[in-house]
Amino acid sequence: MGVTFINGGFLTTVQDMGRTGYQESGMPVSGVMDRRSAALANILVGNSEDEAVLEITLMGPVMEFDEDSVIAVTGGNLLPKINGKDFPMYQAVPVHRGDCLSFGGPAAGSRAYVAFAGGLDIPVVLGSKSTDLKSKIGGLDGRKIGGGDSIGFARPGITPVNIKRRKMEPEDFSAEEKIIRVVMGPQDDCFTEKGIDTFLTSVYTFTNESDRMGCRLQGMEIEHKNGGDIITDGIVFGAVQIPSHGQPIIMMADHQTTGGYTKIAAVISVDLPLVAQARPGQRVKFRRISIDEAQELYVEEKRRMKELKEEFDRAPDSCEDPEAVILSVLGCEAGRYQNPAGRYRAVIDGKEYILDLREEHEDI
Amino acid sequence: MSEVRYLVSGDCGMCVEFGNVISPEINEKIRAFKIAVEKSGIRGITETVPTYRSLLVHYQPDEISFKDLTERFEELMGSLSDIPIPPPSIIEIPVLYGGEFGPDLETVAEYNHMSPEEVILTHTSGEYLIYMLGFIAGFPYLGGMSPRIATPRLKNPRVRIEGGSVGIAGEQTGIYPVASPGGWQLIGRTPLKLYDAGREKPVLLEAGQYIKFRSVSRAEYERIEKELSDNTYQYVIRRKEE
């Protein structure tokens with residue numbers, strides 16, 4: 001078995017990018033709260049971006065590795081430790097059987113993500129491995145992870161290429177006041193001019209009533225034209241709902257698919273991680289941008305992720321240890337590398353050899 | 001009928017709004033547009049969610065922008081009358097009324113000055129439009145209940161209501177897909193599972209479809225329950241006549 005939990009921490013669940021396609025039946029999407037951090041953790045260990053990861057909330061679990069693996073920890077800094085020593089974040093790191101991963105406590109942000117090379121051996125329920133705590137499906141029987149639970153690896157022993165290259169600058173979630181960009185709508189016409197102005201110029205504070213369904217904020221009351229109730233409408237991840245009390249609620253990963261309150265705006269995709277990582281007491285100012293700008297930022301982030309993935313997966317031009325390359329690519333350890341394709345120059349006994357393992361030669 | 005509006009709902013969503021009232025006409029337009037969108041094969045659309053007033057379209061902006069999607073939808077809306085939309089279906093929901101499964105049947109009868117039999121007759125005579133599903137997985141928002149059996153919610157909600165329970169809350173009737181707390185007046189229970197995560201189609205009902213309740217005896221309720229567990233139950237579904 002891959003990892004065994006000594007304890008589950010405050011709220012640790014298996015999540016991927018969510019269960020799409022069932023919202024018309026009233027099923028929430030679930031999935032990770034901070035999609036960027038989870039995608040980066042996967043990219044770092046050579047997985048596809050949407051592979052299942054562990055989402056760890058505030059107080060992390062204690063887990064022991066039953067097998068070797070390569071992992072990456074991203075997201076909020078919850079002070080990850082391996083065998084009691086500081087564990088580097090935003091970096092692919094080999095771990096060994098018997099190693100113990102634990103967390104010291106929340107230093108910045110509130111959610112960390114752990115990705116495992118090759119992914120987690122979790123059954124796919126309705127197209128996703130995500131834990132839906134409300135419908136009690138996905139992940140580990142639809143519940144949070146507790147002490148004594150074990151999760152296997154989907155492809156044990158797999159190692160991504162270029163381990164040393166697989167690291168990046170961690171995202172800093174420590175800011176006490178955040179600027180969060182929104183696109184207005186769909187019910188911004190239900191608010192007075194004064195209400196819109198209040199929303200866009202005053203400071204709101206994250207309350208402790210925040211969970212995977214939504215984050216409640218507190219601040220200046222936002223004025224409606226005719227109250228906050230509407231005939232039920234659909235809800236998106238990041239929608240800023242303003243019920244009649246005039247205080248914003250940002251709808252998060254486990255949000256209900258529909259609801260009967262006015263939505264003044266929605267947080268743009270690339271800023272949603274800031275909301276997912278916010279802590280009670282932290283402050284936020286909303287800034288309006290156009291839908292065109294928001295979608296350009298979305299496309300730009302997708303492109304950056306793709307480039308990063310290509311950079312990590314690109315095979316080295318040459319290798320200082322040709323024997324290792326030949327053994328691992330062709331020999332007894334063949335199959336250990338996920339992406340051996342590339343062009344290698346190996347110098348053995350003073351003679352140069354070219355190993356061409358690019359796409360069209362993959363049948364070597 | 002007010003004009004259709006294409007509203008920004010985040011950078012990955014578009015709310016196609018058809019109106020701001022609950023009406024079967026608007027619901028039928030939403031259903032037709034949903035079918036048209038599904039047939040259109042427009043790239044980048046991941047799913048659509050019908051509600052009372054709108055169709056929420058989830059899409060990927062790296063595949064299609066809000067501007068381009070709006071244009072495609074305007075075209076589609078213009079040719080909506082050319083797209084054949086099948087008539088909605090009616091699904092029969094067998095219900096065992098009264099007794100332990102419908103502890104509030106008497107209350108509903110007394111409140112409306114009729115006999116429990118009349119309540120059952122009224123409840124089973126209507127065809128109920130499923131406007132949308134939401135709140136929890138598989139919960140249908142139904143329209144079309146006779147105001148003659150309308151009854152306020154319980155003052156003290158129950159801590160647990162079993163899945164399949166059929167109830168009345170104000171002028172609405174509904175079915176609980178799974179066990180949950182709630183304040184509806186319970187008049188009966190269906191053996192059908194509105195939500196079953198283990199089933200190929202986890203949610204039984206669809207928005208735009210109609211429900212017809214049928215009163216069954218305890219013996220029939222138990223027979224259907226057995227057939228469901230043996231996988232031999234035949235759902236009674238027919239086309240609604242125009």
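The values are calculated or read from the model by the stated rules, or taken from the named source; none is laboratory data. For clarity, every value in this text was computed on a predicted model and none was experimentally measured. As a convention, Cβ positions derive from the backbone with ideal geometry for all residues, glycine included, and neighbour counts pool all protein chains shown.
Observations
Each row is one residue, and each column tells you yes or no for (1) touching a Phe, Trp or Tyr at 6+ places or on another chain (Cβ under 9 Å); (2) modelled with pLDDT of 95 or more.
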{"site": "B:42", "(1), (2)": "yes, yes"}
{"site": "B:47", "(1), (2)": "yes, yes"}
{"site": "B:64", "(1), (2)": "no, yes"}
{"site": "B:78", "(1), (2)": "no, no"}
{"site": "B:82", "(1), (2)": "no, no"}
{"site": "B:90", "(1), (2)": "yes, yes"}
{"site": "B:102", "(1), (2)": "no, yes"}
{"site": "B:113", "(1), (2)": "no, yes"}
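- Residues in the stretch B:92-105 that are touching a residue at least 12 places away in the same chain (Cβ under 8 Å), on the phi < 0 side of the Ramachandran plot and either not assigned by TED's automatic domain parsing to the domain that holds residue B:222 or not hydrophobic (A, V, I, L, M, F, W, C) (or both): 6 in all.
- Residues of the stretch B:185-212 that turn out to be touching an Asp or Glu at 6+ places or on another chain (Cβ under 8 Å) and aromatic (Phe, Trp, Tyr), as a count: 1
- Looking only at the stretch B:104-154, residues that are among the hydroxyl-bearing types (Ser, Thr, Tyr), outside any loop (DSSP other than H, G, I, E, B) and farther than 20 Å from residue B:177 by Cβ come to 6 in all.
- Residue-level analysis places residue B:39 among those that are more than 8 Å from chain A (Cβ to nearest Cβ) and surrounded by fewer than 16 Cβ atoms within 10 Å (Cβ to Cβ).
- Test for residue B:26: is it more than 7 Å from chain A (Cβ to nearest Cβ), in a helix (DSSP H, G or I) and β-branched (Val, Ile, Thr): yes
- The stretch A:135-149, subset within 14 Å of another protein chain (Cβ to nearest Cβ) and of a type in the set (Gly, Ala, Ser), residue farthest from residue B:196 (Cα to Cα): A:139
- In the stretch A:162-190, the residues that are within 14 Å of another protein chain (Cβ to nearest Cβ) and of a type in the set (A, V, I, L, M, F, W, C): A:180, A:182, A:183, A:184, A:190
- Residues located in the stretch A:128-144, provided they are within 18 Å of residue A:38 (Cα to Cα) and either aliphatic (A, V, I, L, M) or surrounded by fewer than 23 Cβ atoms within 10 Å (Cβ to Cβ) (or both): A:144
- Of all the residues in the stretch B:179-209, those that are closer than 21 Å to residue B:107 by Cβ, assigned to a loop (DSSP other than H, G, I, E, B) and of a type outside the set (Ser, Thr, Tyr) number 2.
- Within the stretch A:184-208, tally of residues that are part of a strand (DSSP E or B) and either within 24 Å of residue A:269 (Cβ to Cβ) or modelled with pLDDT of 95 or more (or both): 6
- Residues (surrounded by 20 or more Cβ atoms within 10 Å (Cβ to Cβ) and not basic (Lys, Arg)) located in the stretch A:107-121: A:109, A:110, A:112, A:113, A:114, A:115, A:116, A:117, A:118, A:119, A:120
- Scanning the stretch A:229-249 for residues that are surrounded by 21 or more Cβ atoms within 10 Å (Cβ to Cβ) and more than 11 Å from chain B (Cβ to nearest Cβ), we see that the one that is nearest to residue B:134 (Cα to Cα) is A:241.
- The stretch B:133-155 - residue that is under 30 Å from residue A:132 (Cβ atoms) and in contact with a helix residue (DSSP H, G or I) (Cβ under 8 Å, 6 or more places away or on another chain) and, of those, surrounded by the most Cβ atoms within 10 Å (Cβ to Cβ): B:133
- Candidate set: the stretch B:4-22, residues that are within 10 Å of chain A (Cβ to nearest Cβ) and not in a strand (DSSP E or B); chosen: the one surrounded by the fewest Cβ atoms within 10 Å (Cβ to Cβ): B:21
- Test: residue in the stretch B:63-70 that is in a strand (DSSP E or B) and of a type in the set (Gly, Ala, Ser): no
- All positions within the stretch A:271-286 that are in contact with a Gly (Cβ under 7 Å, 6 or more places away or on another chain) and outside any helix (DSSP H, G or I): A:277
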